[in-house]
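Below is one structure; the comments refer to it alone.
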Amino acid sequence: MYSLLIVDDEPLSQVGLKSMVDWASLDVEIVGAAPNGLAALEAIGRLRPDIVIADLRMPLLDGLGLVERCRAEPDGGPAFIMVTGYADFDSLRRAMRDSVAPAAR
């Protein structure tokens, strides 16, 4: 079973991400949620999720900063799925480029 952390500063978005997919049928367990990138870093270190779904724009540390900090770790961190409610395609492209694990580049 895969473990999933949801990171979004909007509580309703967290609820939506938790409820709109039948995670159990995909062999995924939601192990936690965080309201910003700094809280997510702590949760990633503690929970060691396989997958993180993160918002691009959040206070304290945005989604791109979160990916960059995780990729700087020796293990490269979890796999990331980035979400946004904004039409910010440059940031999405950067997130896609940066979210590839260093060993897979």
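Structure notes:
- Options Leu64, Leu5, Leu26, Leu12; residue that is surrounded by 13 or more Cβ atoms within 10 Å (Cβ to Cβ), out of contact with any Pro (no Cβ under 9 Å at 6 or more places or on another chain) and of a type outside the set (D, E, K, R): Leu64
- Within region 67-86, the set of residues being of a type in the set (Ser, Thr, Tyr) and open to solvent by 80 Å² or more (accessible area, probe 1.4 Å) comprises Tyr86 only.
- For region 35-51, the set of residues classified as open to solvent by less than 50 Å² (accessible area, probe 1.4 Å), more than 14 Å from Met82 (Cα to Cα) and not β-branched (Val, Ile, Thr) consists of Ala39, Leu41, Ala43, Gly45, Pro49, listed by residue number.
The values are calculated or read from the model by the stated rules, or taken from the named source; none is laboratory data. Keep in mind it's a predicted model, so treat the numbers as computed, not measured. Here Cβ is always computed from backbone atoms with ideal geometry, including for glycine, and neighbour counts include all displayed protein chains. Note: accessible area is taken over every heavy atom of the protein model, side chains too, but ligands, DNA and RNA are not part of it. Shrake-Rupley method; radii C 1.70, N 1.55, O 1.52, S 1.80 Å.
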